[in-house]
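Visitor: The structure is given below, and queries will be raised subsequently.
The values are calculated or read from the model by the stated rules, or taken from the named source; none is laboratory data. The model shown is predicted, which means the values in this text are computed figures rather than measured ones. Neighbour counts run over all protein chains shown; Cβ positions are idealised from the backbone, glycine included. Note: areas computed on protein heavy atoms with side chains; ligands, DNA, RNA excluded. Shrake-Rupley method; radii C 1.70, N 1.55, O 1.52, S 1.80 Å.
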Amino acid sequence: MAKPSVSVGIICSQSGPYQAMGREMLKSALMAVDEINSHRDFDFALVAHVRDPRGVISEYHTACDDLIRNTGVEHIIGCYTSASRKQVLPIVERTDRLLWYPARYEGFECSDNVIYVGASPNHNVLPLVRYMLDNVSQHVFCVGSNYVWTWETNRVTRELVTATQGSIVAERLLELGESAVEHIVDEIVRRRPPVVFNTLVGSSSYDFIRAFRAATTAANLDIPMLSCSLCEPELKIVGPASAGCITSSAYFESIRLPENRAFVRRWKARYGEASSPSVDGQSVYVAVYLLARALRRAGTSNVGEVRRAAAGYRYNSPQGPVWIDGDNNHCVLTPRLAISNAKGQFDLFWEADAPVKPDPYLTQLDVAGPARETSRKRSSSNPPHLRIVK
């Protein structure tokens, strides 16, 4: 007898400036859907209704509206950028649907109609900035895409840096998809900052990393690059120039957990030995499983019932234990730091001792004490306390 079905919307751009990541997210979503539909533990089948906004921000609202009005979905998984999430947010709130948002994001948002599966700023931005301040430099050159994730990430970075008597050497922004990076690279070579913090997205980041490595190598400069978003499939797109980038993420393919090893084996069996799952793709995979488990517990697709069933339910995912904090709809995750190598993978060198409660508004942020967590050296100095609340 066929299982009853539950319709689920999936919004992932398959073309445009960040098409590579959109495709990875869709691959992960469909893999999770197929696994759930073939698993005896689930007495229903998920039916995926896929929409491609093509990287056009306004198209996300159109795709979401179509899924809700014409397909009747109650749950939507997807959106890669914060700009696209902001387009979808009003309609899911107005129609009381639930968006399962997989990407790491800038924080300072909380909606009853969004489950934030990706990293909050205290999961990825803070560990990376703390590492930079303790081990690299207190003076940083920021380059990023001109939209809300970069704006907010740079703002938090600036607050942390200046609180420890550091400085932002420069802050340069490019439009999403912009490939003209030479003027920024030339400025970096001329000014020789001690570190570059990269919040570029998609093809802009790939172009920048290649140009940056070529120019700094030619000038015999060794300037570290830090990123909150670079992942394994992107390392392969960029090529050899991607090696040596310090990255903060809740997920890396190289995590040595049995759940991750099994996940990677299934991934490669499906998509080829040369392929690698990405952090945002893995997060989509987790989102589908969190939704399916909540549907099973609730016994209905009703948004309110599913939201209640999802809160606090622990899932041993590929990245480790994950659960939704019922107070703010954000996920509890384990922060990690790694450096990219010449083989297109990441070598982990730090991770939190235990999963960390999400703090999207940074109300618990205190530079004193926790700022030393990621340090490779110890300091007896007592920096000023800092709280960032928006």
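Visitor: Hey, what's the chain come to in accessible area per residue, 1.4 Å probe, Å²?
Guide: 39
Visitor: Now, a different point. Given contacts defined as C-alpha pairs under 8 Å and at least six residues apart, what's the relative contact order of the chain, whole-number percent?
Guide: Taking the mean separation of contacting Cα pairs over the length of the chain, I get 18 percent.
Visitor: Further, regarding this structure: Could you calculate the FRET efficiency of S5 with A219 from 1/(1 + (r/R0)^6), where r is the beta carbon distance between them and R0 is 41 Å, rounded to 0.05?
Guide: For R0 = 41 Å, the calculated efficiency reads 0.10.
Visitor: Oh, and also: I'd like to compare 307-318, 102-113, 37-48: which one has the highest average count of other Cβ atoms within 10 Å, and what's the full order after that?
Guide: Descending packing order for the listed peptides: 102-113, 307-318, 37-48.
Visitor: A further question follows. Once R0 is set to 35 Å, what does the formula 1/(1 + (r/R0)^6) return for the Cβ-Cβ distance between A170 and V50, expressed as a FRET efficiency to the nearest 0.05?
Guide: 0.30
Visitor: Can you tell me how much longer the chain between N146 and Y313 gets when fully stretched, taken as 0.36 nm per residue apart minus their C-alpha distance, in nm with one decimal?
Guide: Details: separation 167, 0.36 × 167 = 60.12 nm, distance 3.64 nm.
That works out to 56.5 nm of additional length.
Visitor: Per residue of the chain, what 222 nm ellipticity follows from adding -39500 (n - 2.57) for every DSSP H run with n ≥ 4, rounded to the nearest 500? Present the calculation step by step, with values, prior to reporting the outcome.
Guide: Working: 11 runs with 148 residues, N = 390.
Mean residue ellipticity, 222 nm, calculated: -12000 deg cm²/dmol.
Visitor: Order these peptides, 342-349, 80-87, 145-152, 210-217, by their mean beta-carbon neighbour count within 10 angstrom, highest first.
Guide: The peptides rank, most packed first, as 80-87, 145-152, 210-217, 342-349.
Visitor: Sorted by packing (mean other beta-carbon atoms within 10 Å per residue), highest first, where do 268-278, 56-66, 7-17 land?
Guide: 7-17, 56-66, 268-278
Visitor: Can you compute the modelled spin-label distance between H139 and I339, with each label point 7 Å from Cα toward Cβ, in nm?
Guide: Placing both labels 7 Å along Cα→Cβ, they lie 2.2 nm apart.
Visitor: For R256 and T363, compute 0.36 nm times the residue count separating them, minus their Cα-Cα distance, and round to one decimal in nm.
Guide: 35.3 nm
Visitor: What's the carbon and sulfur percent of the chain's accessible surface, probe 1.4 angstrom, rounded to a whole number?
Guide: 48
Visitor: A further question follows. Hey, any idea what Rg/Rh is for the chain, computing Rh the Kirkwood way over Cα pairs?
Guide: 0.96
Visitor: Turning to a different aspect of this structure: With each pseudo-label sitting 7 Å past Cα toward Cβ, what's the N37-D65 distance in nm, one decimal?
Guide: Placing both labels 7 Å along Cα→Cβ, they lie 2.9 nm apart.
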